[in-house]
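Here's the structure we're looking at; comments come further down.
The values are calculated or read from the model by the stated rules, or taken from the named source; none is laboratory data. Quantities reported herein were computed from a predicted structural model and do not represent experimental measurements. Cβ placement follows ideal geometry from the backbone for every residue including glycine, while neighbour counts extend to all protein chains displayed. Ligands, DNA and RNA are stripped out before the accessible areas are found, and what is left, the full protein with its side chains, is counted by its heavy atoms. Shrake-Rupley method; radii C 1.70, N 1.55, O 1.52, S 1.80 Å.
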Amino acid sequence: MKVLVIPTWYPSGEDKLMGIYHKEFTESLNNNGIDANILFIERNRLTKPISYLFKKKKIIIKETNYHTYLYRMLNMGSISFKWQLKRYVKTLKKAFKNYLKTNDKPDIIHAHVTVPAGYAACILGKIYNIPVVVTEHCGDLERFYKNPLFKEYGLYVLNNSYFTTVSKYMKDIALKYTDKCDIIPNLVDTKPFINNQKREIKDTFNLVMVCALREGKRIDIALEAIKKLKIPVHLDIIGDGFYEVIYKNKCRDLGLDNVRFLGRKTKQEIAEILKEEHALLITSEIESFAISGIEAMASGLPIITTDCLGPTEYVDNKVGLICKVNDPDDIAINISSLYDNYNNYDKDYIVNKALEYDSSNVIKKTTAIYNELLTNNK
């Protein structure tokens, strides 16, 4: 079976974590017997037109077990969203024609995120009679059906694809606008995180956050919660991003000497760090899934998360605790509660819960969807 993955995001710009999942997804497809490549349209910011002129407009990147075909265009969305989307569709059509010169026609197109990739992929599917799967990753997906700017395109995708989301709460939203929606959860390679570590709280209660340092992650709220704690606690923050300086300044202003910013780490490095931690902390305003939660659970860590939707689907009362969003007092209370009851959490239960999202299980479900589409298309 041949699959072409068309993501909206890909880690090629300033944010190297944006779209990293799509690389891991495509690699997992290939690891499980599916011949898959990526076709990505990179939208370069209009604020840097000069640097765009000197960039190569077409690049073929050889990944571990597949190729990424990357095409560049200027992002004119700030001038006109509709015009930009038409240009995106036109660019994708041209890129796909070039792709077919050196590759067989794919049996399935799998796009990620409704606009622009999902919409453009559905148009390709119509032209070439290829079934299209669209997986939505955006937590605020309802804007694609209610916002006048997106509504036309969002509804088109629902009506012309096998539509899936990464979380149940997102599926429930989509079902308000369509009769059929499935779930393909974000896959996680749990193997690097499995360990035999026996954790005991000694000098400090070690918390860790693993996320891009962006506004919506609300690490500032986490720092305020840490400041309120009366227990001996230490917080490690893994990741980088546009808000790194802001969060470091917040930490300094609060006078916290029990917080470390560790920067970006590889998956293997994160797995080693998690062995020294006691719990994962998530303080986001909204998360469609939060892969870091599953990785931490695979390592045997309980989770403290805000009620940011995605993680609440796998964090039950045996896995951890759920706090109010943007409420440092409630977060501090729940951290203290986890500290006081730490020995009541069963590591085996937490790990087994994480394994439900292991890449092999997610690809198995994805393959079943592909086979269903191919049968129906015949």
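Search the stretch 273-294 for residues being hydroxyl-bearing (Ser, Thr, Tyr) and in contact with a helix residue (DSSP H, G or I) (Cβ under 6 Å, 6 or more places away or on another chain), and hand back the single one that is most open to solvent (accessible area, probe 1.4 Å).
Checked the stretch 273-294; the qualifying residue most open to solvent (accessible area, probe 1.4 Å) is SER288.
What are the pairs with Cβ atoms under 7 angstrom where one residue, in the stretch 78-91, is basic (Lys, Arg) and the other, located anywhere, is in a loop (DSSP other than H, G, I, E, B)? Sequence gap at least six, or different chains.
ARG87/MET76
Quick check on my filter: what residues within the stretch 58-90 are of a type outside the set (A, V, I, L, M, F, W, C), over 21 Å from VAL3 (Cβ atoms), out of contact with any Lys or Arg (no Cβ under 9 Å at 6 or more places or on another chain) and buried (at least 17 other Cβ atoms within 10 Å of the Cβ)?
Scanning the stretch 58-90 gives a single hit, ARG87.
Considering every residue within the stretch 48-57, establish whether at least one is open to solvent by 60 Å² or more (accessible area, probe 1.4 Å), closer than 25 Å to THR375 by Cβ and part of a helix (DSSP H, G or I).
Within the stretch 48-57, none of the residues are open to solvent by 60 Å² or more (accessible area, probe 1.4 Å), closer than 25 Å to THR375 by Cβ and part of a helix (DSSP H, G or I).
Is the stretch 295-311 home to any residue that is modelled with pLDDT of 95 or more, closer than 17 Å to LYS217 by Cβ, open to solvent by 20 Å² or more (accessible area, probe 1.4 Å) and hydrophobic (A, V, I, L, M, F, W, C)?
No; the residues of the stretch 295-311 include none that is modelled with pLDDT of 95 or more, closer than 17 Å to LYS217 by Cβ, open to solvent by 20 Å² or more (accessible area, probe 1.4 Å) and hydrophobic (A, V, I, L, M, F, W, C).
Which pairs do you get when a residue that is closer than 17 Å to ILE109 by Cβ, found in the stretch 28-39, comes within reach of a residue that is outside any loop (DSSP other than H, G, I, E, B) and open to solvent by 30 Å² or more (accessible area, probe 1.4 Å), reach meaning Cβ atoms under 6 angstrom, with the pair 6+ apart or on two chains?
If the second residue must be outside any loop (DSSP other than H, G, I, E, B) and open to solvent by 30 Å² or more (accessible area, probe 1.4 Å), the pairs left are ASP35/LYS2; ALA36/ASN30; ASN37/HIS67.
Condition first: surrounded by 16 or more Cβ atoms within 10 Å (Cβ to Cβ) and part of a loop (DSSP other than H, G, I, E, B). Now tell me which residues in the stretch 354-378 satisfy that.
Of everything in the stretch 354-378, just one residue is surrounded by 16 or more Cβ atoms within 10 Å (Cβ to Cβ) and part of a loop (DSSP other than H, G, I, E, B), namely TYR357.
Taking the stretch 106-122 on its own, how many of its residues are under 14 Å from PHE144 (Cβ atoms) and touching a Gly at 6+ places or on another chain (Cβ under 6 Å)?
Selection size over the stretch 106-122: 2.
Can you tell me which residue among VAL351, VAL315 is in a loop (DSSP other than H, G, I, E, B) and within 23 Å of LEU235 (Cα to Cα)?
Answer to the check: VAL315.
Looking only at the stretch 325-333, decide whether some residue is open to solvent by less than 40 Å² (accessible area, probe 1.4 Å), under 20 Å from ASP189 (Cβ atoms), in a helix (DSSP H, G or I) and touching a residue at least 24 places away in the same chain (Cβ under 8 Å).
No, that holds for no residue.
Table: residues versus (1) touching a Phe, Trp or Tyr at 6+ places or on another chain (Cβ under 8 Å); (2) within 30 Å of LYS82 (Cβ to Cβ); (3) open to solvent by 20 Å² or more (accessible area, probe 1.4 Å).
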position	(1), (2), (3)
LEU141	no, yes, no
PHE144	yes, yes, no
ASP172	no, yes, yes
ILE201	yes, no, yes
ASN206	no, no, yes
GLU215	yes, yes, yes
LYS230	no, no, yes
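Can you tell me which of (1) touching a Gly at 6+ places or on another chain (Cβ under 8 Å); (2) within 30 Å of LYS265 (Cα to Cα) is the one LEU187 doesn't meet?
Tallying (1) touching a Gly at 6+ places or on another chain (Cβ under 8 Å); (2) within 30 Å of LYS265 (Cα to Cα), LEU187 fails exactly one: (1).
Write out, first by first residue and then by second, each pair whose Cβ atoms fall under 6 Å of each other, whose residues are 6+ apart or on separate chains, and whose first residue, in the stretch 256-270, is within 21 Å of PHE193 (Cα to Cα) while the second is exposed (fewer than 15 other Cβ atoms within 10 Å of the Cβ) and among the hydroxyl-bearing types (Ser, Thr, Tyr).
Within 6 Å, no pair qualifies.
Which pairs turn up if I take residues in the stretch 214-230 that are closer than 18 Å to ASP307 by Cα and look for partners that are at pLDDT 95 or above and basic (Lys, Arg) with beta carbon separation below 9 Å, at least 6 apart in sequence or on another chain?
ILE219/LYS250; ASP220/LYS250; LEU223/LYS250; GLU224/LYS250
Show the residue pairs meeting these rules: Cβ distance below 7 Å; 6+ apart or different chains; first residue within the stretch 61-72 and within 13 Å of PHE40 (Cα to Cα) and in contact (Cβ under 8 Å) with a residue 60 or more places away in the chain; second residue of a type in the set (Asp, Glu) and open to solvent by less than 20 Å² (accessible area, probe 1.4 Å).
Final answer for the pair search is LEU70/GLU42.
Which members of the stretch 110-155 meet the condition of being over 21 Å from LYS23 (Cα atoms) and of a type in the set (Val, Ile, Thr)?
Result: ILE123, ILE127, ILE130.
Can you tell me which residue in the stretch 1-20 is farthest from ALA212 (Cα to Cα), limited to those that are at pLDDT 90 or above and open to solvent by 30 Å² or more (accessible area, probe 1.4 Å)?
Among them, the one singled out is MET1.
If I ask for residues that are open to solvent by 60 Å² or more (accessible area, probe 1.4 Å) and either part of a strand (DSSP E or B) or touching a helix residue (DSSP H, G or I) at 6+ places or on another chain (Cβ under 6 Å) (or both), which ones from the stretch 37-47 would you list?
Selection gives ARG43 alone.
Just one of the numbered conditions (1) in a helix (DSSP H, G or I); (2) polar (S, T, N, Q); (3) closer than 30 Å to ASP358 by Cβ is not true of THR68; which one?
THR68 satisfies every listed condition except (1).
Kindly provide the set of residues from the stretch 262-272 that are crowded, with 17+ Cβ neighbours inside 10 Å and within 21 Å of ILE226 (Cβ to Cβ), ordered by number.
Selection gives ILE270 alone.
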